[in-house]
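Q: Below is the structure I would like to discuss, written out as structure tokens.
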Amino acid sequence: MARKIELSPAARVDIASIANYGATEFGIIAADQYREALEEKLRLIADFPEVGATDPMLGKGVRGLTAMSHRIIYRITKNNLLILRILHLRQLPPGLD
């Protein structure tokens, strides 16, 4: 059974920034396609929470899954998935910069 996805406030900002940048740089159609691909990865995580790799650099219990040019950083909770951040692959996770 798929888990419910919760977005942290930072992840909400990340999504808005990705959408804005994509629309400005690549056009609305490309931005929508990218958003749909990100949503597909989020559904994959909801269905298979352990699909993302653990990474000690991200923190204990935190997983990451690459989605095109971004990495979805999340934590599995008792009943849900908490999406912490969605960062470009060139960005360092919080606390590592």
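Q: Being in contact (Cβ under 8 Å) with a residue 24 or more places away in the chain and either closer than 18 Å to LEU92 by Cα or out of contact with any helix residue (DSSP H, G or I) (no Cβ under 9 Å at 6 or more places or on another chain) (or both) is the requirement here; does LEU7 meet it?
A: Details: in contact (Cβ under 8 Å) with a residue 24 or more places away in the chain: yes; either closer than 18 Å to LEU92 by Cα or out of contact with any helix residue (DSSP H, G or I) (no Cβ under 9 Å at 6 or more places or on another chain) (or both): no.
For LEU7, the condition - in contact (Cβ under 8 Å) with a residue 24 or more places away in the chain and either closer than 18 Å to LEU92 by Cα or out of contact with any helix residue (DSSP H, G or I) (no Cβ under 9 Å at 6 or more places or on another chain) (or both) - is not met.
Q: Within the range 29-55, can you find the residues that are β-branched (Val, Ile, Thr) and at pLDDT 95 or above? Explain how you work it out, then say what you get.
A: Initial filter on the range 29-55 (β-branched (Val, Ile, Thr)): 29, 45, 51, 54.
Those that are β-branched (Val, Ile, Thr) and at pLDDT 95 or above: ILE29, ILE45, VAL51.
Q: For residues that are out of contact with any Gly (no Cβ under 6 Å at 6 or more places or on another chain) and farther than 12 Å from ARG3 by Cβ, tally how many sit in the range 59-97. Walk me through how you get there before you give the answer.
A: The first filter runs over the range 59-97 and keeps only residues out of contact with any Gly (no Cβ under 6 Å at 6 or more places or on another chain), leaving 59-62, 66-70, 72, 74, 76-97.
Restricting the remaining residues to those that are farther than 12 Å from ARG3 by Cβ gives 59-62, 66-70, 72, 84-97.
Going through the range 59-97 one residue at a time, the tally reaches 24.
Q: Identify, from the list ILE72, ILE18, ILE45, ILE29, the residue that is of a type in the set (Val, Ile, Thr), farther than 21 Å from GLN91 by Cβ and either assigned to a helix (DSSP H, G or I) or in contact (Cβ under 8 Å) with a residue 12 or more places away in the chain (or both). Steps first, please.
A: Details: ILE72 fails: farther than 21 Å from GLN91 by Cβ; ILE18 fails: farther than 21 Å from GLN91 by Cβ; ILE45 fails: farther than 21 Å from GLN91 by Cβ.
Being of a type in the set (Val, Ile, Thr), farther than 21 Å from GLN91 by Cβ and either assigned to a helix (DSSP H, G or I) or in contact (Cβ under 8 Å) with a residue 12 or more places away in the chain (or both) holds for just one of ILE72, ILE18, ILE45, ILE29, which is ILE29.
Q: For the range 58-75, enumerate the residues that are surrounded by fewer than 17 Cβ atoms within 10 Å (Cβ to Cβ) and touching a strand residue (DSSP E or B) at 6+ places or on another chain (Cβ under 9 Å). Show your work before the answer.
A: Of the residues in the range 58-75, the ones surrounded by fewer than 17 Cβ atoms within 10 Å (Cβ to Cβ) are 59-61, 66, 68-69.
Within the range 58-75, GLY59, LYS60, GLY61, THR66, SER69 meet the criteria.
The values are calculated or read from the model by the stated rules, or taken from the named source; none is laboratory data. From a predicted model like this one, the values you see are computed outputs, not experimental measurements. All Cβ positions, even for glycine, are placed from backbone atoms using ideal geometry, and neighbour counts span all protein chains on display.
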